[in-house]
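Worksheet: one structure, shown below.
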Amino acid sequence: MNRAGRFLLYAALVSTAFYALAPMWVMLSTSLKTLDEIREGSLIAAPHAPTIEPWLKAWGTACSGVRCEGLKPFFLNSLLMTIPAVLISTLVGALNGYALTHWRFRGSDFLFTALLVGCFIPFQVVLLPMARLLGAVGISDSVFGLIFVHVVYGLAFTTLFFRNYYIGVPGELVKAARVDGAGFFTIFQRILLPISGPIFMVCVIWQFTQIWNDFLFGVVFAGSDSQPVTVALNNLVRTSTGVKEYNVDMAAAIIAALPTLLVYIVAGKYFVRGLTAGAVKG
Amino acid sequence: MASLGIHNIRKIYPNGVEVLKGINLDIADGEFLILVGGSGCGKSTLLNMIAGLEPVTEGEITIGGKRVNDLPPKDRDIAMVFQSYALYPSMSVRQNIAFGLSLRKVPKAEQEATIARVAKLLQIEPLLDRKPAQLSGGQRQRVAMGRALAREPQIFLFDEPLSNLDAKLRVEMRSEIKLLHKRLGITTVYVTHDQIEAMTLGDKIAVMKDGVVQQFGTPDEIYNRPVNTFVAGFMGSPPMNLIPATLAINDGKLCAEVTVGPTGSKRVHLPLFGFDTSTLDTLTSTGSSVLLGLRPEHLTDTGRSNGMTANLTVPVDLAEPTGADTLIFITLGGARCIARLHPTAVAGRDEVELVVDTSAAVVFDRHTQEAIAFARV
């Protein structure tokens, strides 16, 4: 490529990156400014005297609704809900995918199709029936209820992921293990799971993002003690009493988004690799 | 080690497709059985049923005289080698071999001894700590066999084990499998679509088509006395020539009247030697229109006459030198036929004189395609 072409390419890339990063910059710099500086200065200027005061307040003392304990308790709620929900839905999805590909039974194709439909059901449709169900089982307004909802809703996706991955694993591998004397779970655990790393990453990232970022299920099904951080952030930002503290709002928003960012940074490279992974050659 | 019995086995899939239509095979302890046929003939399904990987719809499978229909694969005391080798990708060669042993709770020391013995037998000792991905095709094949051997099974099952190898390696591994069988004497069932593998390896061959065993016998029987035109055409390379002919009595002898050359204007009478005279009447009466089956090596140059032959001069349509022999394409009875000649007998000629060893011929009914008479008794 010649010089001019290369220059154009880089110019395009840099401006795109700038465009994408600008809001992040505004959030970050605003969160490090005092309220006075925000009122006087411009939106995109760097903070004169950076302060972490807004971060501390967002984490520990800001009021969301009537509680003034910052995001901390809600952040913990989110962790308590997300981690089990991600792990359970991923593991069950893996088992589903394994059974649907290597232990086919009468009607397994129909079952898979039916599961796929689950990917296309909008959240709003299941709100009312789910609320009745949770109430009937006695886990409404609790973190268990939320975990249950997210596991059920996520299964369609995780099953799809694992099914498409395992369909590339030669059936002879499972047959060989059966002849060797391994049963359903032994084969899953000793043969399939060790080669499922990439798709596990995809599933974990996908599910973590979905569940952590969810607002609707959180606002509907959580009790006041089990609200996830997304709901708390909304309450915090929309509190109508007192002065509007943009710096605290920004810090709170970043805190709420941090775990998903972290998951992408740590496991992001596996995401693309897992999505494009083909058959496993034995 | 054990005998294997397959009695009236049928396989019907839930969608109504019948892939095996009543199979009967019996092999004795230590025998090498080949299941051969084109794709979709049901040979792999049958093997999977022997292994216990596919349920049996109807009939009975016995190993060592014991009915095993309802036993899971692990309780049948079998070992299987797959076409794709099916080595566990996340395990080393050592772990691959030990997997079945550890599942059966064989003590560690004994496992180590078995691995060492098998590795030595197959010369894979330097590979024990590698992963399957780091092995070549031939090495994977050996490891797959090692894993099967470690079980010390009653019956060995092979599912087209050589078809993923290149030609040279295939020939090498073929003789190695034969040696191994000779040495260990384990009853073996071997599925292949390759008729050369079938001929070279088997004690018994079952030629299958459309879920039916066409012929079950020794390689010699299958090759020399095929029961129908399918077997005649499937076994042997090039296949048996099937020459449209008319049976007639000429000078008191049974003859086959055949047209010669692409135009078919010339007719010859080939005396058929060595046919049982008691079948003569039926042969000449049941409509005399037949297919005369002759292997290419029984249509050969004059240097190979054995006295039970007829001579024939034919125009050469095409010559294919293969080195040791030259194959020539000729037209007999309006059908393309192949003759196998010594290279010097063909060189540069438009017409050659052939001797036809009719004492090795098989007579097929032209309508039913079944064999109706064999020459050699």
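No value in this document is a laboratory result; all are computed from the given coordinates. Quick caveat: nothing in here was measured; it's all calculated off a predicted structure. Glycine gets a Cβ as well: all are built from the backbone with ideal geometry, and neighbour counts include every protein chain shown.
Here are some notes:
- When each of the peptides A:262-273, A:160-171, B:160-171 is scored by the mean number of other C-beta atoms lying within 10 Å of its residues, the order from highest to lowest reads A:160-171, B:160-171, A:262-273.
- Average 1/r across all pairs of distinct alpha carbons in the stretch B:241-374, invert it, and you get the Kirkwood radius: 15.0 Å.
- In order through the stretch B:118-126: 3J(HN,Hα) via Karplus (6.51 cos²θ - 1.76 cosθ + 1.60), integer Hz, x for Gly, Pro: 5, 4, 5, 4, 9, 6, 10, 4, x
- Entry note, the stretch A:48-108: relative contact order of 15 percent, from Cα contacts under 8 Å with a spacing of 6+ residues.
- B:T62-B:R267 pseudo-label distance in nm [points 7 Å out on the Cα-to-Cβ vector]: 5.6 nm
- Here the stretch B:1-59 yields Rg over Rh of 0.97, to two decimals, using C-alpha coordinates and the Kirkwood radius.
- Among the listed pairs B:K74/B:K168; B:K43/B:K131; B:K11/B:K66; B:K74/B:K108, those with a Cα-Cα distance over 29 Å are B:K74/B:K168; B:K43/B:K131.
- Karplus (6.51, -1.76, 1.60) ³J(HN,Hα), θ = phi - 60°, over the stretch B:342-350, in Hz, Gly and Pro reported as x: 5, x, 5, 6, 9, 2, x, 9, 8
- Acute angle (nearest 10 degrees) that the helix B:167-184 long axis makes with the longest principal axis of chain B, alpha-carbon atoms: 70 degrees
- Quick note on the stretch B:42-186: its Rg to Rh ratio, both from C-alpha atoms and Rh being the Kirkwood radius, is 0.97.
- For the peptides A:60-72, A:13-25, the ranking by mean Cβ contacts within 10 Å, running from highest to lowest, is A:60-72, A:13-25.
- Crossing angle, helix A:72-102 versus chain A [Cα axis fit, 0-90 degrees, rounded to tens]: 20 degrees
- Per-selection Rg to Rh, chain A - Cα, Kirkwood hydrodynamic radius: 1.07
- The distance between label points at B:K131 and B:K105 comes to 3.2 nm (points 7 Å beyond Cα on the Cα→Cβ vector).
- Residue list for the stretch B:321-341, given a label point 7 angstrom along the Cα-to-Cβ vector of B:D350 and an amide N cut-off under 16 Å: B:331
- Rounded to the nearest 0.05, the FRET efficiency derived from the C-beta distance between A:F105 and B:V17 at R0 = 22 Å is 0.80.
- Remark on the protein assembly as shown: hydrodynamic radius 31.5 angstrom, per the Kirkwood mean of 1/r across alpha carbon pairs.
- Helix content alone sets the calculated 222 nm mean residue ellipticity of chain B: runs of n ≥ 4 DSSP H residues at -39500 (n - 2.57) each, divided across all residues, give -7500 deg cm²/dmol.
- Ranked packing of B:110-117, A:83-90, most packed first, by mean Cβ within 10 Å: A:83-90, B:110-117
- Relative contact order, whole percent, for the stretch B:4-234 stands at 29, derived from Cα pairs under 8 Å and 6 or more residues apart.
- Peptide B:76-86 has a mean of 4 when you count, residue by residue, the C-beta atoms of other protein chains within 10 Å of its C-beta.
- Shown in residue order for the stretch A:192-206 are the 3J(HN,Hα) couplings computed by the Karplus curve 6.51 cos²θ - 1.76 cosθ + 1.60 at θ = phi - 60°: 7, 4, x, 9, 9, x, x, 6, 4, 4, 4, 5, 5, 4, 4 Hz (x for Gly and Pro).
- The stretch A:72-276 - percent relative contact order, Cα under 8 Å, separation 6 or more: 34 percent
- Sum of side-chain charges, A:Y246 neighbourhood, beta-carbon under 10 Å (Lys, Arg +1; Asp, Glu -1): +1
- Where a label projected 7 Å from the Cα of A:S42 along Cα→Cβ would reach, residues of the stretch A:208-251 with amide N under 20 Å: A:247
- Per-residue mean of C-beta atoms belonging to partner chains within 10 Å, peptide B:89-102: 3
- Rounded to the nearest 20 debye, the dipole size of the stretch A:16-108 about its Cα centre is 580 debye, using +1 on the Cβ of Lys and Arg and -1 on the Cβ of Asp and Glu.
- When the Cα positions of A:I44, A:L56, A:N164 are compared along the charge dipole of chain A, A:N164 comes out farthest toward the positive end, with charges on each C-beta of Lys, Arg, Asp and Glu.
- Taking only the C-alpha atoms of chain B, the Rg (one decimal) and the largest Cα-Cα distance, Dmax (whole number), read 24.7, 79 Å.
- If the segment from B:A116 to B:S175 were pulled out straight at 0.36 nm per residue, it would be longer than the present Cα-Cα gap by 19.0 nm.
- Chain lengthening between B:E370 and B:I196 when straightened (0.36 nm per residue, less Cα-Cα): 60.3 nm
- For B:A28 and B:N8, a Förster radius of 22 Å and the Cβ-Cβ distance give a FRET efficiency of 0.65, rounded to the nearest 0.05.
- Segment A:T186-A:L128, extension gain: residue separation times 0.36 nm, minus the distance between their alpha carbons: 16.9 nm
- Averaged over the residues of A:168-176, the number of partner chain Cβ atoms lying within 10 Å of the residue Cβ comes to 6.
- 13 Å tail of the calculated P(r), the stretch A:3-51, as % of Cα pairs: 61 percent
- When cysteine pairs in chain A are screened for C-beta atoms closer than 4.7 angstrom, the residues that find no partner are A:C119, A:C203.
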